[in-house]
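Participant: Got a structure for you, questions after.
The values are calculated or read from the model by the stated rules, or taken from the named source; none is laboratory data. What you are looking at is a predicted structure, and each value in this text was computed from that prediction instead of being measured. As a convention, Cβ positions derive from the backbone with ideal geometry for all residues, glycine included, and neighbour counts pool all protein chains shown. Only protein heavy atoms, including side chains, enter the accessible area calculation; ligands, DNA and RNA are left aside. Shrake-Rupley method; radii C 1.70, N 1.55, O 1.52, S 1.80 Å.
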Amino acid sequence: MSESGINKIGVIGIGTMGNGIAQVAAQSGFDTRVMDISDEVLERGLGIINKSLDRLVKAYEKSGGEKGITAEAKDAALGNLSTTTKLEDLLDREFIIEAAPEKPELKEEINRRIGGLGYDRLLVSNTSGISITRLAAAYGRPEQFMGMHFMNPVPMQQGVEIIRGLKTSDATYNTVVALCHDMSKIEIPAEDKAGFAINRMWVPFVNEAIRVVEEGIAGVVDVDKCTLCLGHRMGPLMTADYVGLDVMLFIADVLEEEFGSAYKASPLLKRMVESGQLGTKTGIGFYRWDGFKAEGVNPDVERFRIK
């Protein structure tokens, strides 16, 4: 029996975050059903999950069982996964995690639709900076709504930022905490303010790192090396590529709107997003990417380094 008392989980979206959330839910023993817009999108997401599980099996074999998972555990996780293109097929879920792209209007529309279909259980949004109170209002049952901000890559990152809306009930909060434990995650409570806790600190740090490159103070690789001195395992620019530069820009704009021009996004970040260079999801950001393996610095930003 799970600590949360939940058995069936629905995930809306099988993209960058959704496939990781679905994988962790399935690995944790939950009957997990993922919904997205087409069979093609679902197949692509399942392929990513399968490759991720394969890496964990290889890690298990290579480490003599100290890391990763067994082949049997992989098969069990895949057995817990099902997919659908119909939102109606999630109505039997006890808990739904919305993991659509970070667009407020899209998330609101999904919440209205699921509420309009008569769903009346717990719904959470995986968002890195959108007001939870705003999204809860769209669902129509704000006491049963909350934010769960998973970190990328979800299978590897332990922390989950959990955010109450203005009307989130104690029962909903306690269930979300318990679900974090069921998924072997560590809950990080935060208030419903711009950027929550993590991105209120992290995005200005990354934005300043981008300015250091933009101003020719240090190159991309050297900027990332700097944070090794702080005990970070990955530099700010490489992490930004994993998160998505479009997401970084969105959060910077949210912070600027609430806290003023000190949080204004770097012009270089804006230009990169405008050019479609968003990080690992497009194969190029501050680095060139082959899947999730960096293959060198993006030549478009390489020219900013000190001569």
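Participant: Ignoring ligands, DNA and RNA, what accessible area per residue does the chain give at 1.4 Å, in Å²?
Facilitator: For the chain, the solvent-accessible area averages 47 Å² per residue.
Participant: Tally Lys/Arg at +1 and Asp/Glu at -1 over every other residue whose Cβ is under 11 Å from the Cβ of ILE284; what's the total?
Facilitator: With Lys, Arg at +1 and Asp, Glu at -1, the net is -2.
Participant: Continuing with the same structure: By the scheme Lys and Arg +1, Asp and Glu -1, what is the net charge of all other residues having a beta-carbon under 13 Å from that of LEU245? Each step should come with its number before you reach the end.
Facilitator: Values: positive: LYS270, ARG271, LYS281; negative: GLU102, ASP241, ASP246, ASP253, GLU274, ASP300.
Neighbourhood net charge equals -3.
Participant: Whose amide H sits under 5 Å from the amide H of GLY219, counting only residues 5 or more places off or on another chain, with H placed in the peptide plane?
Facilitator: Amide H neighbours of GLY219: ILE306.
Participant: Let me ask another. Between PHE286, ALA218, ALA25, whose Cα lies farthest towards the positive end of the dipole of the chain when Lys and Arg beta carbons carry +1 and Asp and Glu beta carbons carry -1, centred on the Cα centre?
Facilitator: Of PHE286, ALA218, ALA25, it is ALA218.
Participant: Where does helix 39-62 land angle-wise versus the long Cα axis of the chain, in degrees 0 to 90, nearest 10?
Facilitator: For helix 39-62, the angle is close to 80 degrees.
Participant: On the protein heavy atoms, probe 1.4 angstrom, tell me the percent of accessible surface of segment 98-249 carried by carbon and sulfur.
Facilitator: On the way: 3580 of 6450 Å².
Percent of accessible area from carbon and sulfur atoms in segment 98-249: 56.
Participant: Just checking my list [x] 1.22; [y] 1.11; [z] 1.01 against Cα Rg over 2.2 N^0.38 Å computed from this structure; which label fits?
Facilitator: Evaluating Cα Rg over 2.2 N^0.38 Å on these atoms matches [z].
Participant: Continuing with this model, one more query. When the dipole is taken about the Cα centre of the chain, and only Lys, Arg (+1) and Asp, Glu (-1) are charged at their Cβ, what size is it in debye, to the nearest 20?
Facilitator: 500 debye
Participant: Show me, for segment 180-191, the HN-Hα J-couplings you get by feeding each phi into the Karplus relation (A = 6.51, B = -1.76, C = 1.60, θ = phi - 60°), rounded to Hz, glycine and proline as x.
Facilitator: With coefficients 6.51, -1.76 and 1.60, one gets 4, 5, 4, 8, 6, 10, 9, 6, 10, x, 8, 8 Hz.
Participant: Let me ask something else. About the Cα centre of segment 60-118, how large is the charge dipole given +1 on each Lys and Arg Cβ and -1 on each Asp and Glu Cβ? Please answer in debye to the nearest 20.
Facilitator: 100 debye
Participant: Taking amide H positions as placed 1.01 Å from N in the peptide plane, with prolines and chain starts having none, which residues 5 or more places from THR83, or on another chain, fall under 5 Å of its amide H?
Facilitator: VAL34
Participant: Over segment 14-137, consider all pairs of different Cα atoms and compute the Kirkwood hydrodynamic radius from their mean reciprocal separation; express it in Å, one decimal.
Facilitator: With all distinct Cα pairs of segment 14-137 included, I get 15.5 Å.
Participant: Taking amide hydrogens as modeled 1.01 Å from N in the peptide plane, which residues meet the under 5 Å criterion relative to LEU278, leaving out close sequence neighbours?
Facilitator: ILE284
Participant: Please report, in debye to the nearest 20, how large the charge dipole of segment 24-67 is about its Cα centre when each Lys and Arg carries +1 at its beta carbon and each Asp and Glu carries -1 there.
Facilitator: Details: 7 positive and 8 negative charges, 59 e Å.
Result for segment 24-67 is approximately 280 debye, rounded to the nearest 20.
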